[in-house]
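No lab work stands behind these numbers, since they all come straight from the coordinates. Model, not experiment: these values are computed from the prediction. Every residue, glycine as well, gets a Cβ built from its backbone with ideal geometry; the counts of neighbours run over all protein chains shown.
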Amino acid sequence: MRIVVGADHAGYELKENVAAYIRSLGHEVLDVGAYTDTEPDDYPDFAEALGLAVRDHKAERGILICGSGVGASVAANKIPGIRAGLCHDTYSAHQGVEHDDMNVLVLGSRVIAAELAHELVRAYLGATFTGEERHVRRVGKVKKLESRFLLGSAKA
């Protein structure tokens, strides 16, 4: 599987660690930055680059990291077709894929350590969408909600 990884300066060190771990599992990694932890940068830029890579099928899934994970999650979910989930437990990391067809795992580098990040990545990458009717129906409703607001037919 091809996995896109991205992080701002706060997530850089964990991103490098996670990318190496993903490679050790036999997956290909597409790195959209940051490429240093010393330059000031902004998480929305990396969320956009990663989200577009997933949306445009340059990678099957993404892993996005910032300090808390909150800002990166908010930004990534603004991109149509992206279903990003901030997860700091293994249940959510696999259940988000199985039930919600989550395609971006978001991590907070100031919240979790590398070992837990590895467990979350393993759970996330090992999961598949169940395709059960109730989950298909719910994800379909999420997609309709996204489309309705994109088209401007819903009052904001």
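Quick notes on this one:
- Full extension of the chain between R55 and D42 gives 2.6 nm of extra length, using 0.36 nm per residue less the Cα-Cα distance.
- Taking the number of Cβ atoms within 10 Å of each Cβ as an exposure proxy, the fewest-first ranking of R137, R61 is R137, R61.
- Set of the range 112-129 residues, backbone N closer than 18 Å to the point 7 Å along the Cα-Cβ line of D31: 114, 118
- Per-selection Rg to Rh, the range 9-54 - Cα, Kirkwood hydrodynamic radius: 0.98
- Here the convex hull built on the C-alpha positions of the range 14-156 has a volume of 114 cubic angstrom per residue.
- Coupling constants for the range 67-80 follow from the phi torsions by the Karplus curve (6.51 cos²θ - 1.76 cosθ + 1.60, θ = phi - 60°), and in residue order they are x, 9, x, 5, x, 4, 5, 4, 5, 4, 6, 7, 8, x Hz; glycine and proline get x.
- Relative to the dominant Cα principal axis of the chain, helix 12-24 is inclined by about 80°.
- In the range 2-129, a dipole from Cβ-located charges (positive for Lys and Arg, negative for Asp and Glu) runs towards its positive end, and of N103, F46, S73 it is N103 whose Cα lies farthest in that direction.
- Angle in degrees between helix 43-55 and the longest Cα principal axis of the chain, rounded to the nearest 10: 60 degrees
- Principal-axis analysis of the Cα atoms of the chain puts helix 114-126 at an angle of about 40° to the longest axis.
- When each of the peptides 28-35, 8-15 is scored by the mean number of other C-beta atoms lying within 10 Å of its residues, the order from highest to lowest reads 8-15, 28-35.
- For the peptides 79-87, 62-70, the ranking by mean Cβ contacts within 10 Å, running from highest to lowest, is 62-70, 79-87.
- Cβ charges +1 (Lys, Arg) and -1 (Asp, Glu), total dipole of the chain, debye: 920 debye
- Only Cα pairs under 8 Å and 6+ residues apart enter the sum, and on that basis the relative contact order of the chain stands at 22 percent.
- From phi via Karplus (6.51, -1.76, 1.60), per-residue ³J(HN,Hα) for the range 143-148 in Hz, x at Gly/Pro: 5, 5, 4, 4, 5, 4
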